[in-house]
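Before any comments, here is the structure.
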């Protein structure tokens with residue numbers, strides 16, 4: 001990352017890291033601010049950041065170098081990961097089909113030298129050409145490709161809003177008066193601004209891949225970007241925006257298959273499911289908040305369209321929102337699956353995220369299929385215009401896990417009950433969640449994780 | 001489009017139009033050069049393009065205005081299209097699920113005022129701020145959104161190569177000596193260069209969405225780009241490159257289901273299919289051409305992996321390459337489908353592109369699913385490194401139709417026989433095709449279009 005303080009670097013780094021982790025890439029943020037706070041304590045006044053003060057400058061450089069070294073070592077651990085016969089994703093959109101043992105919960109794909117498909121976000125100001133050249137050289141030496149992401153902002157209103165929203169709650173200003181903190185932070189920015197050099201195509205021997213985001217996406221400059229991941233990240237950044245927004249999600253009403261315990265298929269709603277559909281307009285109206293418009297997305301399956309039938313809002317049917325395809329197990333009960341395909345049944349319990357139904361999909365496949373949906377939710381930027389997704393259990397698990405930062409291991413066990421509406425409101429560093437229910441009973445279709453130790457967050 | 005002559009504007013316009021048409025958008029190019037040739041004849045020496053010559057300048061403006069007016073009227077016809085109950089795609093990635101009557105073969109989605117989802121490419125130099133302001137105002141007046149795409153190039157080698165490859169075969173230089181033509185064309189460029197003004201964020205009242213492509217993608221500047229289609233086009237441009245490349249495609253060898261006349265499923269190869277697999281390495285080796293490396297993409301189905309089993313090249317399995325999902329008809333013969341689901345069977349014959357198997361996919365769904373595959377083929381830019389896709393009939397039809405510019409109506413009838421390898425080499429304005437076969441018999445799985453009039457190209 002490159003940019004003056006309060007330009008949203010950490011926000012952008014976290015968004016990228018989350019997006020990539022959800023898509024199955026090892027991703028990790030190395031935040032130099034955290035290293036500094038560990039080294040010298042949180043509260044440091046602006047003059048600590050004065051680049052002309054030799055002692056503090058040396059200290060800050062030492063801290064930044066430590067973070068960089070940790071990052072490079074993290075990549076080396078990626079390179080050391082034992083080969084497992086999995087097809088490498090490396091720099092392509094192709095996901096491996098062979099499940100493999102996982103070393104951590106956010107990172108399911110990509111093994112090999114220098115961690116193909118592993119992405120670290122080095123979150124610091126990196127505000128001079130010299131510093132960037134140094135990072136660039138060190139990374140290349142260790143076989144790590146570099147892309148710089150600069151956030152440039154000259155709109156005072158955005159900067160002040162960012163300081164107020166994010167920086168005042170930072171440990172750096174714990175217990176300090178708000179105005180004094182803003183004042184101090186503005187001076188800290190000035191300290192960096194004295195020597196700030198924006199990215200230019202000529203630095204790093206003229207071979208520098210970078211993307212420069214100006215005024216939160218008003219303009220984007222892309223330089224020598226190569227490869228699948230770099231180009232995906234740029235596309236993601238192009239669609240990112242900071243418009244306040246909320247999304248509503250609900251599963252379809254209880255279906256006849258839910259009642260019979262069958263999975264898949266294209267069944268009608270049960271009488272109770274139908275009652276839920278009739279009550280949905282009122283439930284939404286009571287909880288819309290500042291949203292004055294709503295667009296409803298359903299899947300192409302009858303149960304979601306029937307659930308949305310009483311909503312007087314524009315509706316779109318989206319094939320990508322169809323339920324996880326259970327292949328040869330479609331329209332069976334779990335008991336029948338266990339009986340007919342006992343090996344599959346237990347294999348799925350071992351690794352539900354990677355297990356692919358024969359002739360159907362895995363949760364990993366589903367995440368890939370839902371990527372355009374996530375991109376569209378991120379891109380959505382009409383104020384006071386909310387989107388309601390009337391979806392399916394597995395689909396909503398995947399979407400919910402993206403916004404709530406669940407690991408891919410937890411994802412297939414997220415509880416999304418029938419006859420409830422979830423409202424998510426993404427914030428700068430997190431996501432606010434509200435749940436509304438209506439008193440229409442429904443069966444419980446949730447099957448818990450077989451490993452109780454991992455079950456704590458899967459509510 | 002914005003740019004001096006020989007900057008690849010027409011190439012880029014055609015690529016964008018093709019990409020969007022394949023995704024189901026009405027798209028059409030209005031090429032001012034063609035209007036000029038119609039108005040004043042093809043052969044005009046460089047001084048015709050001298051902006052200081054008042055008469056010629058007026059004539060060229062008149063021609064450009066005529067093309068612009070035709071374009072705006074085309075958009076109005078889009079707005080006049082009768083509503084058909086189809087869900088509008090408008091500016092979102094969501095495809096309509098209700099098939100509707102089509103007004104032309106390249107354009108299957110998007111109806112409503114001013115043609116939501118309709119995209120015209122206005123292909124001219126548009127080299128001054130004044131001219132662009134004029135276009136911008138006229139479009140906005142008629143309810144048409146504008147995005148400018150500028151191609152900037154200061155690398156003499158690329159420009160000269162472009163003149164030689166494209167311009168010398170243009171009707172403008174029919175019958176002229178090559179050196180004289182290059183000389184004349186360079187002077188034509190100079191005529192435009194005198195008054196050329198590159199795009200700036202301040203023109204068009206500072207509200208100008210544009211993308212500027214510098215030196216064939218070395219740098220890309222994106223300004224105020226909004227909305228799904230604009231952002232997709234930018235992503236496509238980011239991945240576009242002019243590296244010479246070839247792609248190889250083959251269906252899996254004959255499968256046991258092919259022999260039994262069944263569709264879908266996950267069958268093994270037949271003995272003949274297996275023989276084809278054993279002969280594939282030799283067939284490829286004999287026809288590789290300048291390619292020294294090959295990467296093999298298969299689907300996740302056994303018949304493609306078995307077909308690739310004897311190839312000593314890196315292999316990746318890609319879920320998106322799986323065969324069209326025939327839903328409840330999976331593993332049936334066409335005779336069984338006709339007997340069990342007679343209505344569906346005839347509905348599919350009426351509109352094969354839009355027909356969705358119950359619980360499965362339509363060709364339209366398949367095209368959406370294959371979009372990342374097309375993007376990856378376009379992005380591929382390692383010289384002498386070819387990709388071989390071992391795929392399925394419907395999947396290869398869709399990919400082939402993209403490169404060979406088939407309409408969506410023709411797409412489901414493209415002949416992709418078993419036991420043959422197709423090599424495609426995209427060129428500036430077209431695609432070279434070679435087919436290699438090996439003497440291993442196989443069943444014919446092709447079912448012809450029921451409307452013979454449309455059948456001429458579907459070979």
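The values are calculated or read from the model by the stated rules, or taken from the named source; none is laboratory data. This one's a predicted model, so the numbers in the text were calculated from it and none came from an experiment. With ideal geometry, Cβ positions are generated from the backbone for all residues, glycine too; neighbour counts draw on all protein chains shown.
Points worth noting:
- Residues in segment B:21-33 that are touching a helix residue (DSSP H, G or I) at 6+ places or on another chain (Cβ under 8 Å) and part of a helix (DSSP H, G or I): B:22, B:32, B:33.
- Condition met for residue A:55 (at pLDDT 90 or above and out of contact with any helix residue (DSSP H, G or I) (no Cβ under 6 Å at 6 or more places or on another chain)): no
- Tallying residues that are touching a residue at least 24 places away in the same chain (Cβ under 8 Å), over 28 Å from residue A:362 (Cβ atoms) and in contact with a helix residue (DSSP H, G or I) (Cβ under 9 Å, 6 or more places away or on another chain) within segment A:387-427 yields 1.
- Unique match (being within 16 Å of residue A:436 (Cβ to Cβ) and modelled with pLDDT of 95 or more) among A:307, A:298: A:307
- Qualifying residue in segment A:71-90 (condition: under 25 Å from residue A:429 (Cβ atoms), assigned to a helix (DSSP H, G or I) and at pLDDT 90 or above): yes
- Unmet requirement for residue B:430, which otherwise passes all of (1) without any contact (Cβ under 8 Å) to a residue 40 or more places away in the chain; (2) in contact with a strand residue (DSSP E or B) (Cβ under 7 Å, 6 or more places away or on another chain): (2)
- Test result for residue A:243, surrounded by fewer than 16 Cβ atoms within 10 Å (Cβ to Cβ), at negative phi and within 14 Å of chain B (Cβ to nearest Cβ): yes
- Check on residue B:398, away from chain A (no Cβ under 14 Å) and part of a strand (DSSP E or B): no
- Taking the criterion of being within 13 Å of residue A:263 (Cβ to Cβ) and free of Cβ contacts under 8 Å to residues at least 12 places away in the same chain, the residues of segment A:341-356 that qualify are A:345, A:348.
- Some residue of segment B:257-272 being assigned to a strand (DSSP E or B), touching a helix residue (DSSP H, G or I) at 6+ places or on another chain (Cβ under 8 Å) and at the interface with chain A (Cβ under 10 Å from one of its Cβ atoms): no
- Flag if residue A:249 is in contact (Cβ under 8 Å) with a residue 60 or more places away in the chain, within 14 Å of another protein chain (Cβ to nearest Cβ) and buried (at least 21 other Cβ atoms within 10 Å of the Cβ): no
- Filter result for residue B:302 (at negative phi, within 11 Å of chain A (Cβ to nearest Cβ) and surrounded by fewer than 20 Cβ atoms within 10 Å (Cβ to Cβ)): yes
A quick yes/no check of all residues on (1) over 20 Å from the mean Cα position of the chain (by Cα); (2) at pLDDT 50 or above; (3) crowded, with 18+ Cβ neighbours inside 10 Å:
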| site | (1), (2), (3) |
| --- | --- |
| A:98 | yes, no, no |
| A:108 | no, no, yes |
| A:113 | yes, no, no |
| A:125 | yes, yes, yes |
| A:133 | yes, yes, no |
| A:140 | yes, yes, no |
| A:153 | yes, yes, yes |
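- Segment B:33-54: number of residues that are without any contact (Cβ under 8 Å) to a residue 24 or more places away in the chain and touching a strand residue (DSSP E or B) at 6+ places or on another chain (Cβ under 8 Å): 0
- Filter result for residue A:297 (within 14 Å of chain B (Cβ to nearest Cβ), outside any helix (DSSP H, G or I) and farther than 30 Å from residue B:300 by Cβ): no
- Scope segment B:357-367; condition facing chain A (nearest Cβ under 8 Å) and either surrounded by 22 or more Cβ atoms within 10 Å (Cβ to Cβ) or free of Cβ contacts under 8 Å to residues at least 60 places away in the same chain (or both); matching residues: B:358, B:359, B:361
- Annotation: residue A:221 fulfils all but one of (1) within 11 Å of chain B (Cβ to nearest Cβ); (2) surrounded by fewer than 20 Cβ atoms within 10 Å (Cβ to Cβ); the unmet one is (2).
- Residue match in segment A:378-395 (condition: within 14 Å of chain B (Cβ to nearest Cβ), surrounded by fewer than 22 Cβ atoms within 10 Å (Cβ to Cβ) and under 13 Å from the mean Cα position of the chain (by Cα)): yes
- Test: residue in segment B:403-426 that is assigned to a helix (DSSP H, G or I) and either within 13 Å of chain A (Cβ to nearest Cβ) or under 30 Å from residue B:167 (Cβ atoms) (or both): yes
- Residue in segment A:285-294 that is outside any helix (DSSP H, G or I) and closer than 21 Å to residue A:353 by Cα present: no
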